[in-house]
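The values are calculated or read from the model by the stated rules, or taken from the named source; none is laboratory data. The shown structure was predicted, so the numbers you read here are calculated from the model rather than taken from an experiment. Please note: Cβ atoms are built from the backbone with ideal geometry, for glycine as well, and neighbour counts cover all protein chains shown. Only protein heavy atoms, including side chains, enter the accessible area calculation; ligands, DNA and RNA are left aside. Shrake-Rupley method; radii C 1.70, N 1.55, O 1.52, S 1.80 Å.
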Amino acid sequence: MSLIEITEVKKRFGDNEVLKGINIDVAAAEVIAFIGKSGSGKSTLLRCINGLETIDEGSITVAGAQLLPDEIHLKALRLKVGMIFQQFNLFPHLTAGRNVMLSQMVVKKVTEKDAEAMARNMLDRVGLGHKFDAYQEELSGGQQQRVAIARALAMQPMALLCDEITSALDPELVNEVLAVVKELAKEGMTLLMVTHEMRFAREVCSRVVFMHQGRVHEIGPPEEVFANPKTPELNQFLGVTEH
Amino acid sequence: MNYTFDFSSIGSYLPVLFNGILVTIELIAVGATFGVALGIFCAWARALGPIWLKPIVAGYVELIRNTPFLIQLFFIFFGLPSIGIQLTEMQGAMLTMVINLGAYSCEIVRAGIQATTKGQFEAGWSLGMTRFETFRYVVLIPSLQRIWPALSSQIVLVMLGSAVVSQIAAEDLSFAANFIQSRNFRAFEIYFLATAIYLALAITLRQLLRGLGWWLFPRKATR
Ligand SMILES: Nc1ncnc2c1ncn2[C@@H]1O[C@H](COP(=O)(O)OP(=O)(O)OP(=O)(O)O)[C@@H](O)[C@H]1O
Ligand SMILES: [Mg+2]
């Protein structure tokens, strides 16, 4: 039984077919890296899994919750799978702690006390227990992104989607975020991440998906995909990124 | 220019004046509270609401913003009774202020909502919040913060504009001034005094709104 089932997914923006029949099954505790050229559809696929985009054909289910366009199904899906964004998107009017508490209270109707306990717990988990009362402008980019991770974790999702979550960070802040992700992977969280950090993908991921022109062009364990690209496109892509 | 000022003849009318001040304060308190609430609802409707509601709200906003306050007041107070809606002077004055401020604040608040980044909405949605919850808990407060100075100015404008409700004999500060002037004929003194009181009320209202801003928005807006 796969945790995430993506079957024959097609997605168009007007005449532009961005996903041309995607099939991927993800088992629980897998860590999957999506790589590929700009415009190959990586972000679009992740956004579909969280219901931020609708799909034109095919189906996506996460732990039995199916992607359907009405709010009830969307909520059920989003409770199973959280998302971390490149731009952090913390709520600027709330402290770090309140950022982590808000959706628990609004969506899950958790009491304020329990939400706070969970928030402290999650902030501890990303190494920011001492920043409970800090607002976003008092946090570095890396810290903001870790709060965003804590915020998603507090909803206790079964999987997390990460779309280039270190791309907006100064290079010296990238590692503190990747360290948190690595820890999550170790604890068995299912992770789907779009990333340009090839070294990280090689170390942490169970599979690598190379996307090309809206299709899964190659998929396999990192050793295979990186050491032994089967297609000229992947070969060229790896050549481009590694020099 | 050898006019002798004489404020003493106002003394016996102080209760009238005082009552007028209270009425003006009451008008702006009710007008601002419900007017801004109506404005927020309309801003939500225009920016994020259902398709069918948008043209209705747009029509209301354009109607109010392109007609004089005085005519709106007359229409509500003298016009509505013809279709069976009788209002007291105070009710007519309050309703007109709410409807007027509702339209202006709609456009101001809408500008604040539209300056919200897509990422804020998506963060709310991806956490499982509905569209309405995302608006209410994520988008609204930073949106209000962005436009708070403009909204405050509009509220003060409506307070000053409320002077015309004396035209339907709502007994506000300007009504009191007119009344006193018609009795003691000291037009200069009484309107001088009324001007000073309006000025004091406007400054106080601005300070109150600024304080409310500090309370509502403990942090500076960063996006
Ligand atoms: N909202 C949208 N409306 C129209 N076209 C879109 C939209 N979002 C994405 N696209 C198009 O879909 C295609 C795939 O975009 P996507 O963002 O998924 O690529 P990506 O692989 O994530 O690229 P990058 O590495 O640059 O982030 C692109 O051609 C893009 O222009
Ligand atoms: Mg992308």
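Within segment B:128-152, restricting attention to residues that are over 26 Å from the mean Cα position of the chain (by Cα) and open to solvent by 10 Å² or more (accessible area, probe 1.4 Å), the residue that is nearest to B:Trp214 (Cα to Cα) is B:Glu133.
Among the residues of segment A:195-214, those identified as at pLDDT below 95 and not in a loop (DSSP other than H, G, I, E, B) are A:Met198, A:Arg199, A:Phe200, A:Ala201, A:Arg202, A:Glu203, A:Val204.
Residues that are closer than 13 Å to B:Gln120 by Cα and within 20 Å of the chain's Cα centre (by Cα) within segment A:84-102 comprise A:Ile84, A:Phe85, A:Gln86, A:Gln87, A:Phe88, A:Asn89, A:Leu90, A:Phe91, A:Asn99, listed in sequence order.
With respect to the numbered conditions (1) under 19 Å from the mean Cα position of the chain (by Cα); (2) open to solvent by less than 20 Å² (accessible area, probe 1.4 Å), which one is the sole condition not fulfilled by A:Gln143? Every listed condition holds for A:Gln143 apart from (2). Summed over segment A:10-37, the residues that are closer than 17 Å to A:Glu57 by Cα and either of a type in the set (Val, Ile, Thr) or touching a His at 6+ places or on another chain (Cβ under 8 Å) (or both) give a count of 3. Would you mind stating whether A:Lys11 is within 15 Å of ligand 2 (Cβ to nearest atom) and part of a strand (DSSP E or B)? Spelling it out, A:Lys11 is indeed within 15 Å of ligand 2 (Cβ to nearest atom) and part of a strand (DSSP E or B). Restricted to segment A:146-182, and to residues there that are buried (at least 23 other Cβ atoms within 10 Å of the Cβ) and among the basic types (Lys, Arg), the residue that is nearest to A:Ala63 (Cα to Cα) is A:Arg151.
Rundown of residues vs (1) within 26 Å of B:Arg131 (Cβ to Cβ); (2) more than 16 Å from ligand 2 (Cβ to nearest atom); (3) at pLDDT 95 or above; (4) under 18 Å from the mean Cα position of the chain (by Cα), yes/no style:
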site	(1), (2), (3), (4)
A:Ser2	no, yes, no, yes
A:Thr7	no, yes, yes, no
A:Val31	no, yes, yes, yes
A:Ser43	yes, no, yes, yes
A:Pro69	yes, yes, no, no
A:Leu79	yes, yes, yes, yes
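Against the numbered list (1) surrounded by 24 or more Cβ atoms within 10 Å (Cβ to Cβ); (2) under 20 Å from B:Ala37 (Cα atoms), B:Leu157 comes up short only at (1). When A:Ile219 is tested against (1) more than 14 Å from chain B (Cβ to nearest Cβ); (2) within 16 Å of ligand 1 (Cβ to nearest atom); (3) open to solvent by less than 60 Å² (accessible area, probe 1.4 Å); (4) assigned to a strand (DSSP E or B), just one condition goes unmet, and that condition is (3).
One residue stands out in segment B:88-119 among those that are among the hydroxyl-bearing types (Ser, Thr, Tyr) and closer than 24 Å to B:Glu171 by Cβ: the one that is least open to solvent (accessible area, probe 1.4 Å), namely B:Thr96.
Scanning segment A:27-60 for residues being more than 10 Å from ligand 1 (Cβ to nearest atom) and either assigned to a helix (DSSP H, G or I) or more than 14 Å from chain B (Cβ to nearest Cβ) (or both) gives a total of 14.
Scanning segment A:156-183 for residues that are within 16 Å of ligand 2 (Cβ to nearest atom) and part of a strand (DSSP E or B) gives A:Leu161, A:Cys162, A:Asp163. Select from segment B:38-87 the residues that are in contact with an Asp or Glu (Cβ under 9 Å, 6 or more places away or on another chain) and surrounded by 13 or more Cβ atoms within 10 Å (Cβ to Cβ) and list them in ascending order. Across segment B:38-87, the qualifying residues are B:Gly39, B:Cys42, B:Ala43, B:Arg46, B:Val61, B:Phe77.
Across segment A:75-115, the number of residues qualifying as open to solvent by 60 Å² or more (accessible area, probe 1.4 Å) and either over 16 Å from B:Tyr137 (Cβ atoms) or within 9 Å of another protein chain (Cβ to nearest Cβ) (or both) comes to 8. Any idea which residue in segment A:7-26 is nearest to ligand 1 (Cβ to nearest atom), counting only those that are of a type outside the set (S, T, N, Q) and in contact with a Ser or Thr (Cβ under 8 Å, 6 or more places away or on another chain)? Restricting to residues being of a type outside the set (S, T, N, Q) and in contact with a Ser or Thr (Cβ under 8 Å, 6 or more places away or on another chain), the top hit is A:Val18. Within the set A:Lys108, A:Lys113, A:Lys131, the sole residue that is in contact with a helix residue (DSSP H, G or I) (Cβ under 6 Å, 6 or more places away or on another chain) and of a type in the set (D, E, K, R) turns out to be A:Lys131. Among residues of segment B:160-186 being hydroxyl-bearing (Ser, Thr, Tyr) and crowded, with 20+ Cβ neighbours inside 10 Å, the one that is nearest to the other protein chains (Cβ to nearest Cβ) is B:Ser162. Considering segment B:65-131, the qualifying helices (runs of 4 or more DSSP H), each wholly inside and each with 3 or more residues that are within 14 Å of chain A (Cβ to nearest Cβ), run over B:118-126.
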